[in-house]
1. Taking only protein heavy atoms into account and a 1.4 Å probe, give the accessible area per residue of the range B:6-158 in Å².
2. Probe radius 1.4 Å, ligands and nucleic acids left out: can you give me the accessible area buried at the A-B interface, summed over both chains, in Å² to the nearest hundred?
3. Using r as the Cβ-Cβ distance of A:PHE230 and A:ASP353, and R0 as 45 Å, what FRET efficiency do you calculate, to the nearest 0.05?
4. Give me the inter-chain shielding for A:137-144: mean count of other chain Cβ atoms within 10 Å, whole number please.
5. Name the chymotrypsin sites (Phe, Trp or Tyr not before Pro) in the range B:8-71 that are in a loop by DSSP and that have at most 15 other C-beta atoms within 10 Å, would you?
6. Taking a quarter of the surface of the Cα convex hull of chain A, what do you get in nm²?
7. What nm value, rounded to one decimal, do you get for the distance between B:ARG11 and B:ALA128 when each label is placed 7 Å out toward the C-beta?
8. Put a dot 7 Å past each Cα toward the Cβ at B:VAL144 and A:SER26; how far apart are the dots in nm?
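The values are calculated or read from the model by the stated rules, or taken from the named source; none is laboratory data. Everything numeric in this text was worked out from a predicted model, so none of it was measured. As a convention, Cβ positions derive from the backbone with ideal geometry for all residues, glycine included, and neighbour counts pool all protein chains shown. These accessible areas exclude ligands, DNA and RNA; they are computed on the full protein's heavy atoms, side chains included. Shrake-Rupley method; radii C 1.70, N 1.55, O 1.52, S 1.80 Å.
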Amino acid sequence: MSDFIRFLGENLQEFLTYTGFANATSGHLVMILIGLVFIFLAIRFEFEPMLLIPIGFGMLIGNIPFKEVGLQLGIYEQGSVLNILYQGVMQGWYPPLIFLGIGAMTDFSALISNPKLMLIGAAAQIGIFGAYAIALQMGFDPSQAAAIGIIGGADGPTAIFLSSKLAPNLMGAIAVSAYSYMALVPVIQAPIMRLLTTKKERVIRMKAPRVVSSTEKIIFPIAGLLLTTFVVPSGLPLLGMLFFGNLLKESGVTRRLAETARGPLIDTITILLGLTVGASTQATQFLTVDSIKIFGLGALSFVIATMAGILFVKVFNLFLSKENKINPLIGNAGVSAVPDSARISQVVGLEYDPKNYLLMHAMGPNVAGVIGSAVAAGILLGFLG
Amino acid sequence: MSTTLSAQVTRTCFNEILVNNKTNFIDDYAQRSSWIELFNASFNVVDIGGCFLSNDPNNPTMYMIPKGDVLTKIQKRQHVVFFADGHASKGNFHLNFTLDTAGTNTLYFYNTDGKTLIDSVTIPVLEADLSYGRLIDGEANWGVFTRVTPSTNNLTLDSNEKVDKFALNDPDGVGMSLSAVAVVFSVLLLLSLFFYWFAVAFRKATTKPKMRDVVHSNIPAEGIPGEVIAAISAAIYEMENDVHDIENTIITIERTRRTYSPWSSKIYGLRKLPRK
C-alpha cells in the first residue's frame, strides 16, 4: 500500500513539473499581459478587432508555459499542430491568399477616376525606405533592415511575406509590430495630419470623382498586373493575387469565386494568420532587444510614411490648377492600411468642414498604397532576396 | 522507388575526405579518425554493398563493403561516410585500414568484381581538420574546405552575395532608398498615365451621338407626366455615360414539380374559420 502511495506521489510530483505554473517565467507573463491588452483594445476600442483578437489570443496560446520534452505542443516544435499551421506564414503563402481576398473586395474606382492619386500611394512608401536607412544605422544587416522597413507600408500580409523571405528570425516581431501600428493608425496619423497642414488646406474641396465604367474596371486589374509585374516581377505573388481577386470581382461573371475569395477564404486565412503570428511570439523567442528596436522602427516608419504622403500632396498642389487641388488630409491614406487611414482622412476633414466628405477621395491613395507597398516589397526582394 | 543496378554504381564517387582529424567529426564510438565520403551522383538508389575500398592499388579488395546492410543503399544524390580507423569490427562503415596523416594518400573505389576501378582520388597533405573535396558534389573540380560537410553536400551558402554587396557599397541605405523610391514612383506613374490616357480614349470611343439628334418623336411634351420624363432622362444619361454596371443579381427560374397528395394540399393546411 505504501508503495502504491509513493508511486502516486511520485507521479503527482512528475505531473506538477509539467504544469504551466512550474514552467512559467516572467517573459511568459509579460507576453500574456500584452496578449490581454491586444484583446482589450480590440473589444473596448474596436482597434482592428479582426486582427488583434486572433493575434492577442494567439499570444496567450503561444505563451502558455510547458515543459519541452517533445510533446509537440509549441509552434516551433516540428510537426506540432501549431507548427503545421505556421507553415503558411513561414513559407509565405498566407499573404498572397489574403491579397486575393483584398483584391476581390476592393473597388478601385476612386483610383481609376483620378489616376494622379496613385502618386500619393507611391510617396507614402518613402516611410519604408526611411526606416530601412535608420535600421541600417542601428546595426541590422540590409535584409533585416528591409524586412523591418516594410512595416512602414502599413500592410500586414506584405510585411509577413517579405520578412518570411528576408529575415525569418524577426518575423514574429515584425508581424506584431505591423499589425499593432495598423490598429493604432488613428492615434498615430491624426496629430501628424493636423501638424503638417494649414486650416486653409484642410478645407479644400475636391472635385467629385467621375463615374467609372465597368469596362475600365475590368481593364484595371489586367493592365495593373502587366504594368507592375513586368517592372517588378518579384512582386508577382502579391500583385498577381491582388489583381486576380479584383478581376474576379469586376468581371461580373465569377460572382461565386469572388464571394468565396472575399468571404470564407480570406476569413479562414485571417484566422490562421492572426492566430499563428500571435502564437509565434513565444517569450523565449520574442522578448529580445531586437524586438524592442523593431517596435521603435515600426512606429518611425509609420510616421515617416504619413508625413511623406501629406508633404507630397502639398508639393503636388503647387503644380495643380485651383479646381484640381488635392486636400492634403488624404495624403496619410497613401499608407495601405485599408480602409482605416482613409477613414482618418474623412474624420479629420469633417472636423474642419462638416460638409467635406473625403472618404471617396482618400480611398484612391489608400488602394494605391496597397499596390505601392507590394511593389516596394517586390523591389526589396529583388535587390536582396 | 527504383532499385540498384550495377551500372549505376559507376556513378558513385569519392566526394570529400578528411585525413587528419584532430577536433573534427566523431564516429558512433566518440572517436576521431580519417573519414571518407562517397556520393551517389545518380538519380536512383544505388547499393554499394560488395564494392571495394582501398588505399593500395596492389590490393584492390582491401575492404569489401558488406552486402545486405540497408545503409549501403545510398539514396539518389545522397552521401555515406566511412571511417578509416583500422577497426572494421566496429561496423560496416569502419574500414580495415587507416590513412597517412603525414603524407599524400590515394584512395580507390572498385566495383563488385574487385577489378573495375570506379573512382580514385589523391589527397594532398593538409593541415589538421581541413578536408579535401569536390567543390560541387559529383563534379570534377576539387578544393580544400575549412568548413567540412560530412554526410551532406559540399556547396553551401553562408552568406547572401547581394546583401553583402549592399552592406559594403551602401552602408547608409541611400542608394537603395533612392533607387527603390524611383522604381515605385515609376511603376505607379506608368499605371497612372495609362489609366489617364485610357480613360480619355475610352470616353472618345464610346461617346454616342446626342439623343436629341437621333430621336424624333411626335408625342407632344405636355402629354407626358413629369415622372416619366425624369425616368427617361435618367436612363438616357446612364446609357450615354455607360455608367450602368453589370448587375450581379442572377434570377434563376426553376420549375418546381410537386406531386399532389392530400398531405401537401394547401386546402387541408388552412384553418377553417369557425361559423358563428
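1. 48 Å²
2. By this definition, chains A and B bury close to 3600 Å².
3. Step by step, r from the Cβ atoms, then E = 0.60.
4. Whole-number average of other-chain Cβ neighbours for A:137-144 is 3.
5. Passing sites in the range B:8-71 are B:TYR29, B:PHE43.
6. Average of the hull's projected areas for chain A equals 21.9 nm².
7. The two pseudo-label positions are separated by 4.0 nm.
8. 5.1 nm
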